[in-house]
1. Name the pairs: first residue in the stretch 32-60 and outside the structural domain of Tyr93 (by TED's automatic domain parsing), second residue of a type outside the set (Ser, Thr, Tyr) and open to solvent by 40 Å² or more (accessible area, probe 1.4 Å), Cβ to Cβ under 9 Å, at least 6 apart or on different chains?
2. For the stretch 1-16, which positions are open to solvent by 70 Å² or more (accessible area, probe 1.4 Å) and either at pLDDT below 95 or aliphatic (A, V, I, L, M) (or both)?
3. Could you please find all residues in the stretch 33-61 being away from the ligand (no atom under 11 Å from the Cβ) and hydrophobic (A, V, I, L, M, F, W, C)?
4. Quick one: Leu90 ticks every box in (1) open to solvent by 70 Å² or more (accessible area, probe 1.4 Å); (2) away from the ligand (no atom under 16 Å from the Cβ) bar one, so which box is it?
5. Return only the number of the condition from (1) touching a residue at least 12 places away in the same chain (Cβ under 8 Å); (2) more than 16 Å from the ligand (Cβ to nearest atom); (3) under 27 Å from Asp201 (Cα atoms) that Ala121 does not satisfy.
6. Residue check: is Thr191 assigned to a strand (DSSP E or B) and open to solvent by 10 Å² or more (accessible area, probe 1.4 Å)?
7. Would it be correct to say that Thr133 is of a type in the set (Ser, Thr, Tyr), buried (at least 24 other Cβ atoms within 10 Å of the Cβ), touching a Leu at 6+ places or on another chain (Cβ under 8 Å) and assigned to a loop (DSSP other than H, G, I, E, B)?
8. Please state which one of Lys230, Lys209 is free of Cβ contacts under 8 Å to residues at least 60 places away in the same chain, within 27 Å of Ile129 (Cα to Cα) and either open to solvent by 40 Å² or more (accessible area, probe 1.4 Å) or not assigned by TED's automatic domain parsing to the domain that holds Ala13 (or both).
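The values are calculated or read from the model by the stated rules, or taken from the named source; none is laboratory data. Since the structure is predicted, the reported quantities are computational estimates derived from the model, not experimental observations. FYI the Cβ positions are ideal-geometry reconstructions off the backbone, even for glycines, and counts take in every protein chain you see. Side chains included, ligands, DNA and RNA excluded: accessible areas come from the protein's heavy atoms. Shrake-Rupley method; radii C 1.70, N 1.55, O 1.52, S 1.80 Å.
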Amino acid sequence: MTRYELDDLLDLATRVKGKRPGQVLGGKTLGLLFFQPSLRTRVSFEVGMVQLGGHCINLSSDDLYELEPQEQAIMDGPAEEHVKDAARTLSRYVDALGIRAAARTGTWERDRQELLLRSYAEHASVPVINLETPFEHPCQALADVLTMRENLVSLKHRKLTLQWCNHPEPKGLGPTHSVLQLAALMGMDITLAHPLGFEVDDEVLERSKTTASDAGGSVRVSNDHKEAAKGAEVLYARSWGCTKYWDDPEREAMVKRSLQDWRVDEPLMATTNNALLMHPLPVRRNVAATDAVLDGDRSRIYDQAANRAHVQKALLMQLLK
Ligand code: CP
């Protein structure tokens with residue numbers, strides 16, 4: 001996205017939020033394919049589509065054949081259908097597709113390629129929306145930037161700390177990568193805080209540094225969460241997985257045993273510049289962040305969730321109207 005495109009979409013989302021645009025997508029159908037559970041993404045897209053006069057069809061991995069995304073694959077394994085056939089068929093029925101990919105399918109080198117999503121995007125003749133892969137979660141980041149903009153107005157030079165938090169399960173890097181890239185586009189001064197071994201993808205980090213610098217902002221990395229939180233105006237908490245042990249969750253769990261102090265609590269929040277607390281949800285209460293901060297007056301976690309519907313309605317209007 002360019003900065004112009006981002007501002008345009010956020011402005012439309014703000015207008016959509018203030019005044020319902022009516023049945024502008026009457027007769028349109030959005031197909032949603034979920035290869036992972038979802039509460040917010042599924043409900044916010046369904047509600048948004050209905051409010052615009054259209055409707056959704058939801059399919060989960062239990063409803064679908066196992067799919068082969070590789071080109072020229074010899075399909076003598078478990079995959080019953082090639083993505084190109086599913087994508088071309090679905091394009092005859094629906095006006096847009098949303099896809100949430102599986103959390104982990106192999107190595108990080110494989111999962112960072114978003115094979116299933118990109119194969120759908122290549123072969124479908126309708127727009128394909130990323131509903132989260134291990135690599136990116138753009139709809140979440142759009143809602144997050146809208147939430148920050150509503151609270152801080154101008155985001156240029158605002159201090160955002162993207163804070164790794166502990167979590168018993170291995171998580172994807174989607175929300176972190178997407179928030180990092182959009183916050184960089186807004187010219188924020190970003191501190192990415194994580195323990196050693198939980199580095200984000202090199203290419204995303206380097207691209208974000210360049211984007212932030214071009215927009216007048218900055219990106220730095222800290223391995224000390226207490227130092228990173230100091231002076232933050234937004235503290236965005238999220239766990240993400242160790243790419244080195246991506247296909248070895250037990251090894252990652254062992255590493256995380258010594259990282260239990262990587263959580264957001266009131267003493268940490270007190271060192272910030274009265275920061276907004278953000279988290280994309282679902283959140284492990286009293287592991288990633290304490291009840292006191294999640295339920296505190298600086299928490300914006302439900303505004304982020306609510307804004308999912310508004311930005312996605314704006315996106316659907318741009319794609320389908
Ligand atoms: N934040 C988010 O995408 O939530 P769900 O997993 O519930 O959709």
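1. none
2. Met1, the sole residue that qualifies.
3. Leu33, Phe35, Val47, Met49, Val50, Leu52, Cys56, Ile57, Leu59
4. Just one mismatch for Leu90, condition (1).
5. (1)
6. Against the criterion (assigned to a strand (DSSP E or B) and open to solvent by 10 Å² or more (accessible area, probe 1.4 Å)), Thr191 qualifies.
7. Criteria met by Thr133.
8. Lys209
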